[in-house]
Amino acid sequence: MAILPILRMGHPVLMAVAAPIDDPTTPEIVALVDDLVETMHDAPGIGLAAPQVGVGKRLVIYSVPEGRDDTGDEQPLTMLINPEITVLDDTLEEGFEGCLSLPGMGGRVNRPTHIRVRALTLDGTALDYEAEGFHARVIQHECDHLDGILYPMRMSDLSSFGYVKEMIAKNDDLD
Ligand code: NI
């Protein structure tokens, strides 16, 4: 297990399409997942994709803490290998996002609210489930990393993009 350095926006691996994983059960993938989990918890973050640590493979992990989802539901630590997303409701909802590859920054991104996810687990069995709201947002954000897409590239209005500390300072001024 190791905490790996997280690449920042601009690094070529983050801007590239990642390769599918042929066999999720290899020791190499098991070790990569261990490192991703440790790195995500250390950051801390709620999601991490393999390209963010310089590995161009289609693997993401996430866990949504209690209270962060619209439903308040906690989502357990989940590993998705070769994930595929189908949009079930293309109604867009705007929500605030940040990313460990753009430390200190955030912005509002429109995303579909209801998706279906198909992926493999670490033991190679198939996952097939639906996700809504913030849970769906997290999965879409992480899976975008596998296609070289970072959230600012999804923003329709860059006026909400910036440094979170400055945004908080601005809000305090209004009090
Ligand atoms: Ni990210």
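Quick note: the coordinates plus some simple rules give every number you see, no bench work behind them. Every value quoted in this text rests on a predicted model; they were computed, and no experiment measured them. As a convention, Cβ positions derive from the backbone with ideal geometry for all residues, glycine included, and neighbour counts pool all protein chains shown.
With the requirement that a residue be free of Cβ contacts under 8 Å to residues at least 60 places away in the same chain and either surrounded by 19 or more Cβ atoms within 10 Å (Cβ to Cβ) or basic (Lys, Arg) (or both), what does segment 124-151 give you? Please lay out each step first, then the result.
At the first step, the residues of segment 124-151 found to be free of Cβ contacts under 8 Å to residues at least 60 places away in the same chain are 125-131, 136-137, 140, 144, 149, 151.
Correct list: Ala131, Ala136, Arg137, Gln140, Asp144, Tyr151.
Among the numbered criteria (1) hydroxyl-bearing (Ser, Thr, Tyr); (2) within 14 Å of the ligand (Cβ to nearest atom); (3) over 19 Å from Gln140 (Cα atoms); (4) not in a helix (DSSP H, G or I), which one does Tyr62 miss?
(3)
Determine whether segment 22-29 contains at least one residue that is touching an Asp or Glu at 6+ places or on another chain (Cβ under 9 Å), buried (at least 18 other Cβ atoms within 10 Å of the Cβ) and not basic (Lys, Arg).
Here is the first cut: in segment 22-29, the residues touching an Asp or Glu at 6+ places or on another chain (Cβ under 9 Å) are 24-25, 29.
Imposing the further condition that a residue be buried (at least 18 other Cβ atoms within 10 Å of the Cβ) reduces the set to 24, 29.
Applying the additional criterion that residues be not basic (Lys, Arg) yields 24, 29.
Yes.
Among all residue pairs at least 6 apart or on different chains, which show Cβ distances below 6 Å where the first residue, located in segment 100-123, is away from the ligand (no atom under 16 Å from the Cβ) and the second is among the aromatic types (Phe, Trp, Tyr)?
That search, which allows pairs on different chains as well, returns Val117/Tyr129.
So which residues in segment 152-163 are assigned to a helix (DSSP H, G or I) and either surrounded by 13 or more Cβ atoms within 10 Å (Cβ to Cβ) or hydroxyl-bearing (Ser, Thr, Tyr) (or both)?
Pass one, segment 152-163, residues assigned to a helix (DSSP H, G or I): 152-154, 158-160.
Matches in segment 152-163: Pro152, Arg154, Ser159, Ser160.
Can you say whether Ala18 is within 15 Å of the ligand (Cβ to nearest atom) and in contact (Cβ under 8 Å) with a residue 60 or more places away in the chain, as far as the supplied structure shows?
yes
Restricting attention to segment 84-99, which residues are farther than 20 Å from Met15 by Cα and within 16 Å of the ligand (Cβ to nearest atom)?
Of segment 84-99, the ones farther than 20 Å from Met15 by Cα are 86-96.
Within segment 84-99, Gly95, Phe96 qualify.
Quick grid of which residues meet (1) touching a His at 6+ places or on another chain (Cβ under 6 Å); (2) closer than 19 Å to Ala126 by Cα; (3) not in a loop (DSSP other than H, G, I, E, B):
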position	(1), (2), (3)
Pro24	no, yes, no
Leu32	no, no, yes
Val37	no, no, yes
His41	no, no, yes
Leu77	no, yes, yes
Asn82	no, yes, yes
Asp90	no, no, yes
